[in-house]
1. For the stretch A:22-58, which positions are among the β-branched types (Val, Ile, Thr), closer than 26 Å to A:PRO110 by Cβ and at pLDDT 95 or above?
2. Among the residues that make up the stretch B:61-72, is at least one of them touching a His at 6+ places or on another chain (Cβ under 9 Å), charged (D, E, K, R) and either at positive phi or surrounded by 16 or more Cβ atoms within 10 Å (Cβ to Cβ) (or both)?
3. Of all residues in the stretch B:19-48, how many are of a type in the set (A, V, I, L, M), at pLDDT below 95 and under 15 Å from the mean Cα position of the chain (by Cα)?
4. What residue, among those in the stretch A:106-149 that are within 13 Å of chain B (Cβ to nearest Cβ), over 11 Å from the mean Cα position of the chain (by Cα) and among the aliphatic types (A, V, I, L, M), is surrounded by the fewest Cβ atoms within 10 Å (Cβ to Cβ)?
5. Does B:ASN114 count as touching a helix residue (DSSP H, G or I) at 6+ places or on another chain (Cβ under 7 Å), modelled with pLDDT of 95 or more and surrounded by fewer than 17 Cβ atoms within 10 Å (Cβ to Cβ)?
6. Residue check: is A:LEU88 closer than 23 Å to A:ASP142 by Cα, out of contact with any Gly (no Cβ under 6 Å at 6 or more places or on another chain), at pLDDT 95 or above and surrounded by 13 or more Cβ atoms within 10 Å (Cβ to Cβ)?
7. A:LEU132 fails exactly one of the following numbered conditions: (1) free of Cβ contacts under 8 Å to residues at least 60 places away in the same chain; (2) within 17 Å of A:GLN36 (Cα to Cα); (3) outside any helix (DSSP H, G or I). What is the number of that condition?
8. Do you know which residues across the stretch A:79-122 are of a type in the set (A, V, I, L, M, F, W, C) and part of a helix (DSSP H, G or I)?
Amino acid sequence: MKTKVLIFLLFAITASVFASYVFSSQGQNDPWTPQQLLAPADLAKVLNNPKAPQPIVFCIGMDAVIKGSINVGPAMKAENLNTLKQKLTKLPKDSQIVVYCGCCPFSRCPNIRPAMKLLQDMQFTNYKLLDLPQNVKVDWIDKGYPMSE
Amino acid sequence: MRILILAVAVLLVGSNLATLSAQLRGFEIGNKPPEIKLPTTRGDTVALSSLKGKLVLIDFWATWCAPCVNEQTELAKLYQKYKQSAYTNGKGFEIYGVSLDAKKSNWEDFLVTNKINWIQVSDLKFWRSPVAKTYNIQGLPFNILIDGNGIILAKNIHGIDLEKEIIRFLIKK
């Protein structure tokens with residue numbers, strides 16, 4: 001009986017670790033720190049307040065669903081990453097920048113890593129990744145946060 | 001002690017899998033899912049209800065979703081194998097693919113390249129698609145199997161489990 005309980009416990013922990021990995025916002029080799037993740041509620045608050053300093057928000061995924069965001073296209077494609085680079089070249093290094101994709105869970109999103117790596121390589125100092133660990137529907141649209149037309 | 005260990009284990013699994021189970025809520029087996037009427041790549045509208053009388057897999061997918069793309073090969077095999085068969089509550093098997101793509105060219109190119117020959121519809125609205133909202137889709141891939149009367153038989157089943165479910169309703173000759 002003791003063995004059965006131990007096996008069950010082992011299974012539970014394995015399942016827990018797996019689920020945590022799938023829905024986590026931070027993997028071991030990801031090019032961002034936990035401090036660089038921006039909570040959707042915080043961005044929504046800023047976007048809803050025209051008096052607040054507005055960040056430059058780049059959509060580096062499929063569709064710029066967030067109000068005021070600039071559509072660059074999926075950053076996994078070299079041409080789109082180059083477009084982002086061109087736009088970033090014109091900005092001061094301390095610009096407040098936010099990037100987001102939101103197609104898929106962070107663990108398998110092909111776009112956020114190239115974009116964040118580019119910002120890192122270009123030595124920007126004030127950039128964030130919008131924390132959409134599941135997708136832009138669940139973590140933004142369903143919450144009623146501001147959308148583009 | 002044993003009870004404590006079990007309680008911790010249940011809590012661990014429960015809390016972390018809550019997100020997964022959220023996807024499974026909303027549409028229960030035995031109910032009818034809402035109607036879908038969306039255009040194909042050619043622009044003509046195909047209603048889900050027009051498939052009444054067939055066993056139908058409603059497949060929510062997108063070309064930007066890697067697991068969905070991988071699954072299309074498996075769906076092609078199932079479609080070929082089961083499309084002409086008879087089922088306890090339906091004659092023939094059909095797939096009603098609903099793409100959450102945003103760009104028509106991505107969607108269309110994939111269908112042509114991969115010779116997808118079952119029904120494909122999309123409003124090209126990505127996660128903004130009203131269908132994604134109506135069906136409470138929390139992530140892709142997501143699917144629902146319905147019988148000839150439009151009743152939900154199973155949901156979010158993939159791989160071997162999907163084929164087993166089709167076989168479960170198959171009338172063997």
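1. Of all residues in the stretch A:22-58, those among the β-branched types (Val, Ile, Thr) come to A:22, A:33, A:46, A:56-57.
Right, trim to closer than 26 Å to A:PRO110 by Cβ and you get A:22, A:33, A:56-57.
Correct list: A:THR33, A:ILE56, A:VAL57.
2. yes
3. Final tally of qualifying residues: 2.
4. A:MET147
5. Taking the combined requirement at face value, the residue satisfies it.
6. On the way: closer than 23 Å to A:ASP142 by Cα: no; out of contact with any Gly (no Cβ under 6 Å at 6 or more places or on another chain): yes; at pLDDT 95 or above: yes; surrounded by 13 or more Cβ atoms within 10 Å (Cβ to Cβ): yes.
Taking the combined requirement at face value, the residue does not satisfy it.
7. Here A:LEU132 clears every test but (1).
8. Step one: list which residues in the stretch A:79-122 are of a type in the set (A, V, I, L, M, F, W, C), which gives A:81, A:84, A:88, A:91, A:97-99, A:101, A:103-104, A:106, A:109, A:112, A:115-116, A:118-119, A:122.
Result: A:LEU81, A:LEU84, A:LEU88, A:PHE106, A:ILE112, A:ALA115, A:MET116, A:LEU118, A:LEU119.
The values are calculated or read from the model by the stated rules, or taken from the named source; none is laboratory data. Please read these numbers as outputs of a predicted model, since none were measured by experiment. Quick reminder, even Gly has a Cβ in these numbers, built from the backbone with ideal geometry, and neighbours come from all protein chains shown.
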